[in-house]
Amino acid sequence: MSEFIDTCRTLVGAANVLTEPADLERYLTDWRRRYTGKALAVVRPANTEEVAAVIRLCNEHRVPVVPQGGNTGLVLGSVPDQSGTAIVLSLSRLNRIRNVDTINNTMTVDAGCILEQIQNAAEEAGRLFPLSLAAEGSCTIGGNLATNAGGTAVLRYGNARELCLGLEVVTAAGEIWDGLRGLRKDNTGYDLRDLYVGAEGTLGIITAAVMKIFPQPKGQLTALAAMETPEHALRLLSLAQERCGAALTGFELMSNLCLQLVTKHFPQMRLPFPQPYAQYVLLELSDSESEDHANTLLEGLITEALEQEIAQDAVIASSIAQSKALWNLREHIPLAQAEEGKNIKHDVSVPISLIGEFIRVTDVQLQEQFPGCRMVTFGHLGDGNLHYNVSPPEEGSQDAFIEHQAAINRVVHDSVHRFNGSISAEHGLGALKREEVRAYKSDVELRLMRTLKQALDPLNIMNPGKVI
């Protein structure tokens, strides 16, 4: 493989072909630091043409390619396996904001742009790019699109797929498809864009995208409401949609245990209530009229929720600092879980109307089979996406509990399936859930997916072993 590596150096520059173990480590280890793969090299092209040249070389030598953005995924989708036969193709150098069009309300960006960089560029142009998630300071838009990322604003703006109007893609054959048209209507055949969004790099490599941007809201307000059950949260969601309409941007459910862990491991954070409650909802309004109008809507909603006994208590943030403090409670849940120790994560979706029943039924099943386990349940209630995580009992061995992961996964995923849901809402399948999904997809679905893979990547060099 020395000839292959030497040619890679010629194509992208010797400094951008990494082969030393110390240089490779951060590219080979997953975000949760539970798995480390092996690779021939990490190759870092600077532009789309260099990506295409590397892919053509990989075709010639039959070298597998693992595309990688910020490497913030949770399902082993952006790290190589143990064979050591693949290269990691890092897109970190493809990081230009190519164009901002405030009339068309679009932004054309390289795939390696950090999500926060795109948010800031939109803000500088007087616009909003609404995709927002915990890893936004590290994740890249190419990875967001490859996994069809969700985040906290899906309720109003949709997943990454809905925010994308066009793509530039390097195919598995090393050809460049320029689909950067930025059109909201283009009914001229198969939607190739949708083939690559959510494909986790298994069909080709996204190198650039045209993304929607929006006018900045004139008023943005946050509230935290406390209630007894997830069913009460669903009642609040219906009321908020009726009273606030499109102004309702975020609606996050958090169980008491979630916030107990946050205040335990980050004691500088405080809950704004004198006593704990079973469930909490963090909701946000973004109003296009004025802050006063947003405040009137939110105060009316909270007053009505308290009068109808949907909520037991509530606070409305009266400043940007207070709003950030409330969002920090939500955003520190994964960090608090990590501080607490090992846990078994599930990223699931079920029909919104069934979320309360799903939580109640699945909680009981897990307690019956794994007494003392703790459910850390939080997520984007407004779009049906739950992070339904299972932590070990407070006493006992964490390692011993984690040995039950396969059995716990089966309980949770079987329950998701019974409720007509999905075992991966926004994290993707990667290698972690590749086999698991076979129990829940029909033979027809799997056959169609394999047909696509074979047609677009006949040599199976694009992120092999992931998704299917």
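The values are calculated or read from the model by the stated rules, or taken from the named source; none is laboratory data. Because the structure is a prediction, the values reported are computed rather than measured. Every residue, glycine as well, gets a Cβ built from its backbone with ideal geometry; the counts of neighbours run over all protein chains shown. Note: areas computed on protein heavy atoms with side chains; ligands, DNA, RNA excluded. Shrake-Rupley method; radii C 1.70, N 1.55, O 1.52, S 1.80 Å.
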**OP:** Summarise the accessible area of region 295-452 (1.4 Å probe, protein heavy atoms) by the percent that is carbon and sulfur.
**Re:** 50 percent
Original post:
In the structure displayed, which of Lys38/Lys453; Lys212/Lys433; Lys264/Lys433; Lys264/Lys324; Lys218/Lys324 lie more than 21 Å apart, Cα to Cα?
Top reply: Lys38/Lys453; Lys212/Lys433; Lys264/Lys433
**OP:** Give, as ranges by residue number, the residues of region 58-92 whose backbone N falls under 17 Å from the point 7 Å along Cα→Cβ of Leu459.
**Re:** 58-67, 85-89
Subject >> Förster radius 30 Å - calculated FRET efficiency between Gln82 and Asp191 (Cβ-Cβ, nearest 0.05) >> reply: 0.25
Subject >> region 50-94 - accessible surface per residue (Å², probe 1.4 Å) >> reply: 30 Å²
Original post:
What is the packing order of peptides 204-212, 63-71, taking the mean over residues of other C-beta atoms within 10 Å and listing the highest first?
Top reply: 204-212, 63-71
**OP:** Sort the following peptides by mean Cβ neighbour count (other Cβ atoms within 10 Å, averaged over residues), highest first: 160-166, 438-444.
**Re:** 160-166, 438-444
Original post:
Of Trp327, Trp31, which has the most accessible area and how do the rest follow, probe 1.4 Å?
Top reply: Trp31, Trp327
**OP:** Take the alpha carbon atoms of region 78-98, find their center, do the same for region 139-217, and report the distance between the two centers in whole angstrom.
**Re:** 18 Å
Original post:
How much net charge surrounds Pro464 when only other residues with a Cβ under 9 Å from its Cβ are counted (Lys, Arg +1; Asp, Glu -1)?
Top reply: -1
Original post:
Helix 115-124 versus the longest principal axis of the chain: what angle, 0 to 90°, nearest 10, using Cα atoms?
Top reply: 70 degrees
Subject >> Structure-based [θ]222 nm, the chain - -39500 (n - 2.57) summed over DSSP H runs of at least 4, per residue, nearest 500 >> reply: -11000 deg cm²/dmol
**OP:** Round to the nearest 10 and give me the degree value, 0 to 90, for the angle of helix 2-12's Cα axis relative to the longest principal axis of the chain.
**Re:** 70 degrees
Original post:
Taking a 1.4 Å probe, which of Glu242, Glu436, Glu331 shows the most accessible area, and what order do the others take after it?
Top reply: Glu242, Glu331, Glu436
**OP:** Please state, as a whole number in µm²/s, the translational diffusion coefficient that the Stokes-Einstein equation yields for the chain at 4 °C and 1.567 mPa s, with Rh defined as the Kirkwood radius across alpha carbon pairs.
**Re:** 55 µm²/s
Original post:
Could you give the angle, 0 to 90 degrees to the nearest 10, between helix 320-331's Cα long axis and the longest principal axis of the Cα atoms of the chain?
Top reply: 70 degrees
**OP:** Show me 138-145, 385-392, 4-11, 175-182 ranked by packing, highest mean number of other Cβ atoms within 10 Å first.
**Re:** 138-145, 385-392, 4-11, 175-182
